[in-house]
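The values are calculated or read from the model by the stated rules, or taken from the named source; none is laboratory data. All figures in this text were calculated on a predicted structure; none of them were measured in a lab. Note that we place each Cβ from the backbone using ideal geometry, even for glycine, and neighbour counts take in every protein chain shown.
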Amino acid sequence: MAIRVLLLTQWFEPEPTFKGMDFARELIRQGFDVEVVTGFPNYPGGKIYPGYSLKWLQRELIDGVQVTRVPLYPSHDQGAVGRVLNYVSFAASSLFYGLFAAKRPDVIYAYHPPLTMGITAVLIRLFRRVPVVYDIQDMWPDTLRATGMFSNEKALYVVSRVCDWVYRRADQLVVLSPGFKRLLIERGVPAVKIEVIYNWCAEDSLTDPQGVVPAAFLGKDKFRILFAGNMGKAQALDAVLRAAELLQQQAPDLTFVFLGGGVEVRRLQQLAADESLSNVTFLPPVPMTEVGNYLNAADVLLVHLKKDPLFTITIPSKTQAYMAVGKPILMAVNGDAADLVRDSGCGQIAESENPQAIADAALSLMQAGSDERNAMAINSRRFYQEKLSLSVGAGRFGQIFKKLAGAKEV
């Protein structure tokens, strides 16, 4: 009989999510019986998606995956109150369903954030005696403090204590980087209880993209270094513009292309205009199905985050996407993300928020020559396939599920 896995996640297709339909489908392909318990789609706008309406329960069968939707308070306010109501309402309804309505699973998988998912999973575990795998994608309360979502130290202390309570009671913790594991060990979690499983990316949309690259992306007469994704405070892209300023005269054929949106876009555009940066181009966001075209057309792909202790143990999700398409990477993030590029031999590393270091790495990649960059590209793709892909990551989750289900039966 197939092992039954209950996937608890507040966000699921059609919402953007890291561990969504591709994960559930892969588990089914491995032979697991999967039920997803999630909310009615409302992220990121905080409004219920067209075609859905709040009700007590809705079941869908999507690509062979049983999806059960339970009610929540739709919100994505910047303020804490709406966000907390959103989290708590889904936690309550998913707890009720998990305790009284769900067919008894063999294993519970819970996706964090938010922390309320961990609380729900542990309470179901307590009453139904089902082992829990807790997938930690954000290190709370560190992320809450770094992003400014919570600034009250008493509230952050309470969150920290609740995290500790969940960690003690979950059977297995899964984290996305070695740095996350080190931090949890420092906080008293036994090392044997923690597995590092790197995130994967939406491989199909990257390797089989739709649409075409517009002329505004520039031709092959330019050496194009592309940053694709959100441009917010955490990305600290002023440093990249300063690097472009340093290179404008030294390497006129080298250009930085920024693809995407975010709260900092207009300010960055104005800064580039004020400094008369002719080697900087901004392109508007495109659907995920088209992003692969841009990634494949670029010569080098750029990752940059501001200097922050939290980011040294974080691997930005674009890293996996960049590796999946097989391109040289300019990694301007300190810590675990830089280690991935170093270990795979797929690019150059630069110190975060250091314009000269970024400029030097960009120039080095340009001067490396096509053969050396092709070797980096091959290393990039191979490392992704062997270490980071969906099949590898989901396979490791499957091994954990089988181990826990077997231990429960004993």
Evaluation of Phe100 against (1) over 17 Å from Leu115 (Cβ atoms); (2) touching a residue at least 12 places away in the same chain (Cβ under 8 Å) (one fails), failing number: (2)
Scanning region 360-383 for residues that are among the small types (Gly, Ala, Ser) and out of contact with any Lys or Arg (no Cβ under 8 Å at 6 or more places or on another chain), which turns out surrounded by the most Cβ atoms within 10 Å (Cβ to Cβ)? Ala362
Pairs under 9 Å by beta carbon, first residue basic (Lys, Arg) in region 231-245, partner crowded, with 24+ Cβ neighbours inside 10 Å and modelled with pLDDT of 95 or more, six or more apart or different chains? Arg242/Ile358
Output for region 109-118, where each listed residue is part of a helix (DSSP H, G or I) and in contact with a strand residue (DSSP E or B) (Cβ under 9 Å, 6 or more places away or on another chain): Met117, Gly118
What number goes with the only condition from (1) of a type outside the set (S, T, N, Q); (2) outside the structural domain of Asp106 (by TED's automatic domain parsing); (3) surrounded by 15 or more Cβ atoms within 10 Å (Cβ to Cβ); (4) out of contact with any Asp or Glu (no Cβ under 6 Å at 6 or more places or on another chain) that Ala357 does not pass? (4)
Where the second residue is surrounded by fewer than 15 Cβ atoms within 10 Å (Cβ to Cβ) and modelled with pLDDT under 95 and the first is more than 15 Å from Pro105 (Cβ to Cβ) and lies in region 394-410, which pairs have Cβ atoms under 6 Å and are six or more apart or on separate chains? none
Scan (1) buried (at least 17 other Cβ atoms within 10 Å of the Cβ); (2) at pLDDT 95 or above; (3) within 27 Å of Arg161 (Cβ to Cβ); (4) not hydroxyl-bearing (Ser, Thr, Tyr) for the single condition Arg69 breaks and write down its number. (3)
Filtering region 261-320 down to residues that are of a type in the set (A, V, I, L, M), more than 26 Å from Glu15 (Cα to Cα) and free of Cβ contacts under 8 Å to residues at least 60 places away in the same chain yields Leu268, Leu271, Ala272, Ala273, Leu277, Val280
